[in-house]
Amino acid sequence: MLFHVRMTVKLPTDMPAEQVTRLKADEKELAQRLQGEGTWRHLWRIAGLYANVSVFDVADAQALHDTLMQLPLYPCMEIEVMALCRHPSSIHDDDR
Ligand SMILES: O=C(O)CC1=CCC(=O)O1
């Protein structure tokens, strides 16, 4: 099941620089592992914002929730989710 997820990162301004660096490195490591596994299908920066648009491929809403809750930056994110389903005019067989 595919989900469109928009994540906006809002780091506290008083967070120590070393903690920010660590969180971003941990986030990158997990994001790249999930991309390699096919769970995090797309990851795009929204130009001009500390935010991304992503597509996740997971079993169901519970699996998406569990995945998002694992993200190191989760406590510093605003997250919006849209469930996706196949468009009848899509030519992509993996759009499901
Ligand atoms: O920078 C972001 O948009 C937050 C993020 C998601 C995956 C990652 O590595 O950073």
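The values are calculated or read from the model by the stated rules, or taken from the named source; none is laboratory data. Model, not experiment: these values are computed from the prediction. Virtual Cβ from ideal backbone geometry, glycine too; neighbours counted across all protein chains shown. Just the protein is used for accessible areas: all its heavy atoms, side chains included, with ligands, DNA and RNA removed. Shrake-Rupley method; radii C 1.70, N 1.55, O 1.52, S 1.80 Å.
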Inset, instruction - Return one number: the angle in degrees, 0 to 90 and rounded to the nearest 10, between the long axis of the Cα atoms of helix 61-70 and the longest principal axis of the Cα atoms of the chain. - result: 20
Legend entry - FRET efficiency, 1/(1 + (r/R0)^6) with R0 25 Å, evaluated for VAL53 and VAL20 via beta carbons: 0.65
Legend entry - Accessible area expressed per residue, the chain, with surrounding protein chains retained (probe 1.4 Å, Å²): 67
Inset, instruction - Rounded to the nearest Å, what's the spacing between the alpha carbon centres of segment 35-96 and segment 1-31? Just the number, please. - result: 15
Inset, instruction - Report the far tail of the P(r) of segment 2-84, meaning the percent of Cα-Cα pairs longer than 22 Å. - result: 21
Legend entry - Degrees between helix 17-37 axis and first principal axis of the chain (Cα, 0 to 90, nearest 10): 20
Inset, instruction - Using just the helices of the chain, give the 222 nm mean residue ellipticity in deg cm²/dmol: DSSP H runs with n ≥ 4 each add -39,500 (n - 2.57), and the total is spread over all residues, rounded to 500. - result: -10500 deg cm²/dmol
Inset, instruction - Show the residues, 5+ positions off or on another chain, whose built amide H is closer than 5 Å to the amide H of ARG41. - result: VAL55, PHE56, ASP57
Legend entry - Percent carbon-and-sulfur accessible area, the chain, ignoring ligands, DNA and RNA, probe 1.4 Å: 55
Legend entry - Residues of segment 41-62 with amide N under 15 Å of the 7 Å Cα→Cβ point at ASP94: 41-43, 55-58
Inset, instruction - Considering only ARG41, ARG33, ARG86, give the residue with the highest GNM mean-square fluctuation for the chain, with springs between Cα atoms whenever their separation is below 10 Å. - result: ARG86
